[in-house]
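Derivation of every value follows stated rules applied to the coordinates shown; laboratory data play no part. Please read all numbers here as calculations on a predicted model, not as lab measurements.
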Amino acid sequence: MGSILGRILGRSSRSFYKRKRRERIFGIARSAASRFLMHLSNKYVAFAFIAAILIGSYFIKPFLWTYIFTALITYFAATLFIRYSLARGLFQVRHVGKARVAEGHAYLAFIMVIILSTLFSNLLAGYIVELTVLHAQDKLAIVLIQTIAILALLLIDMKFEF
């Protein structure tokens, strides 16, 4: 009976230490994640982190990177249009001669800006992909420059928005 009790106690003590070790590891991971999120509150650290993610995504899935790049440029164009044309009164409801500029016109112009910027950014992304194929040895530099350029534009835009 003593050996059975020892086996039971031995197993439970091992499971106790395993549980404590697991809790310690999760505590360290939770603390590291909390510190990482705290550091991401700095816009420059967040910029470097997202740049690393985008550059890494190019090497994992280059085709997916073109979609992300296109979406970022389209977003940039749309926010610029909303901020500088709608807020400045370009499409405010008013009369121009006999015609009346209304919300429908602003909506139509906004959608056209999105479509045209998507086409432009898709062409630009295709051009960048062709450059990386032609200059395979400079692939990292080409992707790095364009990724940092679009992220910097978005960061500057965000700074002026808030």
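Remarks
- Straight-line cross-link partners of Lys159 among the lysines, defined as a Cα under 29 Å from its Cα and at least 8 positions apart when in the same chain: Lys43.
- 3J(HN,Hα) along the range 128-142: 5, 5, 4, 4, 5, 6, 5, 10, 4, 6, 9, 4, 4, 5, 5 Hz, from the Karplus curve 6.51 cos²θ - 1.76 cosθ + 1.60 with θ = phi - 60°, whole Hz, x for Gly and Pro.
- The lysines within cross-link reach of Lys139, meaning a Cα-to-Cα straight distance under 17 Å and a gap of 8 or more places when in the same chain, are Lys61.
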